[in-house]
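Beneath this line is the structure, given in structure tokens, with notes to follow.
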Amino acid sequence: MRAADRGTHRGAKVAATAALSAALALLAGCAAPAHPDGDAHRLAAYRYVLLGEVHDNAEGHRRRLASLTEAIDAGWRPAIAMEQFDRERQADLDRARRERPGDVDHLIAQAGAAGWEWPLYRPVIALALRHDLPLIAANLSRDDARGVMRGGAVFSAAERERLGLERPLPPDLAAAQTAVLDDSHCGHFPRAMLPGMLNAQAARDAVMAAALREHAARGVVLLAGNGHVRRDIGVPRWLGGKPADVLAIAYLEAAAPDEAGAYDRVVLVPPVRRLDPCGAMRQTPR
């Protein structure tokens, strides 16, 4: 899991090694899992399908893949945009496909960002290659996100306008994202870092939204952390167009009342056993 994704799900910060190893072994050989969640028949009705994840939860990956596989096997041919590929690696991704068509491991080695549990993503990449679907490197890189946090000139004036980043963040978005960041840091988020982090989160979502818009005509799926597919603070806020063109589905281990309403549908999956990232902080006075 990447450091920039802490806002996605607090519990996913530290995975138990034994549980994750078993999950990876189960998923790595999975080509077309069964038991989709009832969404497959309607995915093709939307321009934008946003499918969330808890990054280290293999059961969530399996169930998401099941729905996606059923829809694609039925004839849907969307582009597949992935948070796990940084936008500047698109040329590497395309080159890897030309060099070794169908070779998932070569593609990951050539274009994959560090810090992801790639065995969890192999099946969906294999699905895209098997059906010759466009694979889209959708994410803002870690270095660029740091640049945004520090107030650097990551985007030109024209690009900021294209992304919708030329204006201050709407107050409701800033307030909701602040609450998410604070919760994901166990109530100890450094306030001095807040403005930069809010800008970085917004930039990541805006960049992903821009990547999706380029493929709206054929339909496009975004695979990203649950925080990025939230309608209130995530990519849908930056897509523009009609809200009815978007379907946002979260794969959550638990849903707080305010979080559940941020998605069109929530699929609950069994939680992964992890160390408690807030345990030590509870002993420290605020």
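Starting from the stretch 139-154, take each residue that is in a helix (DSSP H, G or I) and list its partners that are among the β-branched types (Val, Ile, Thr), counting only C-beta distances under 6 angstrom and pairs at least six apart or across chains.
144/154; 147/154; 148/154
Specify which of the listed residues (210, 203, 175, 254) is closer than 28 Å to residue 59 by Cβ and either among the small types (Gly, Ala, Ser) or within 18 Å of the chain's Cα centre (by Cα) (or both).
Result: 254 is the single residue among 210, 203, 175, 254 that is closer than 28 Å to residue 59 by Cβ and either among the small types (Gly, Ala, Ser) or within 18 Å of the chain's Cα centre (by Cα) (or both).
When you look at residue 203, is it over 26 Å from residue 78 (Cα atoms) and in a helix (DSSP H, G or I), yes or no?
No, not satisfied.
Between a residue in the stretch 192-211 that is without any contact (Cβ under 8 Å) to a residue 40 or more places away in the chain and any residue that is among the polar types (S, T, N, Q) and in a helix (DSSP H, G or I), which pairs come within a Cβ distance under 9 Å, given they are 6 or more apart or on different chains?
Listed by first residue and then by second, the contacts come to 194/178; 198/177; 198/178; 202/177.
Scan the stretch 113-132 for residues that are closer than 17 Å to residue 222 by Cβ and of a type in the set (Gly, Ala, Ser) and jot them down.
Passing the criteria: 113, 128.
Would you be able to tell me the number of residues in the stretch 206-251 that are assigned to a loop (DSSP other than H, G, I, E, B), touching an Asp or Glu at 6+ places or on another chain (Cβ under 6 Å) and of a type in the set (Gly, Ala, Ser)?
Total meeting the criteria: 3.
Mind checking whether some residue in the stretch 150-161 is within 20 Å of residue 230 (Cβ to Cβ) and more than 22 Å from the chain's Cα centre (by Cα)?
no
When you check residue 259 against the structure, is it under 21 Å from residue 164 (Cα atoms) and either out of contact with any Cys (no Cβ under 6 Å at 6 or more places or on another chain) or polar (S, T, N, Q) (or both), yes or no?
No, not satisfied.
Test residue 108 against the stated conditions and say whether it is of a type in the set (Val, Ile, Thr), in contact with a Lys or Arg (Cβ under 9 Å, 6 or more places away or on another chain) and at pLDDT 95 or above.
Against the criterion (of a type in the set (Val, Ile, Thr), in contact with a Lys or Arg (Cβ under 9 Å, 6 or more places away or on another chain) and at pLDDT 95 or above), residue 108 qualifies.
Which of the residues that make up the stretch 234-261 are surrounded by 15 or more Cβ atoms within 10 Å (Cβ to Cβ), within 25 Å of residue 272 (Cα to Cα) and either in contact (Cβ under 8 Å) with a residue 24 or more places away in the chain or not aliphatic (A, V, I, L, M) (or both)?
234, 248, 249, 250, 251, 252, 253, 259
Cβ-Cβ under 7 Å, sequence separation 6+ or interchain: first residue in the stretch 111-130 and under 18 Å from residue 95 (Cα atoms) and at pLDDT below 95, partner buried (at least 19 other Cβ atoms within 10 Å of the Cβ) and not hydrophobic (A, V, I, L, M, F, W, C). Which pairs?
From residues that are under 18 Å from residue 95 (Cα atoms) and at pLDDT below 95, the pairs are 113/84; 113/86.
Could you check, for the stretch 173-184, whether at least one of its residues is acidic (Asp, Glu), closer than 30 Å to residue 108 by Cβ and either part of a loop (DSSP other than H, G, I, E, B) or out of contact with any His (no Cβ under 8 Å at 6 or more places or on another chain) (or both)?
The answer is no, given that none of the residues of the stretch 173-184 is acidic (Asp, Glu), closer than 30 Å to residue 108 by Cβ and either part of a loop (DSSP other than H, G, I, E, B) or out of contact with any His (no Cβ under 8 Å at 6 or more places or on another chain) (or both).
Has the stretch 221-231 got any residue that is farther than 20 Å from residue 85 by Cβ and either under 20 Å from the mean Cα position of the chain (by Cα) or surrounded by 17 or more Cβ atoms within 10 Å (Cβ to Cβ) (or both)?
Within the stretch 221-231, one or more residues are farther than 20 Å from residue 85 by Cβ and either under 20 Å from the mean Cα position of the chain (by Cα) or surrounded by 17 or more Cβ atoms within 10 Å (Cβ to Cβ) (or both).
Residues checked against (1) among the aliphatic types (A, V, I, L, M); (2) closer than 26 Å to residue 75 by Cβ:
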residue: 94; (1), (2): no, yes
residue: 97; (1), (2): no, yes
residue: 109; (1), (2): yes, no
residue: 114; (1), (2): yes, no
residue: 130; (1), (2): no, yes
residue: 133; (1), (2): yes, yes
residue: 136; (1), (2): yes, yes
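Here are the criteria: (1) at pLDDT below 95; (2) within 15 Å of the chain's Cα centre (by Cα). Tell me which single one residue 241 does not satisfy.
(2)
The values are calculated or read from the model by the stated rules, or taken from the named source; none is laboratory data. Quantities reported herein were computed from a predicted structural model and do not represent experimental measurements. Heads up, the Cβs are rebuilt from the backbone with ideal geometry, glycines too, and the neighbour counts pull from every protein chain shown.
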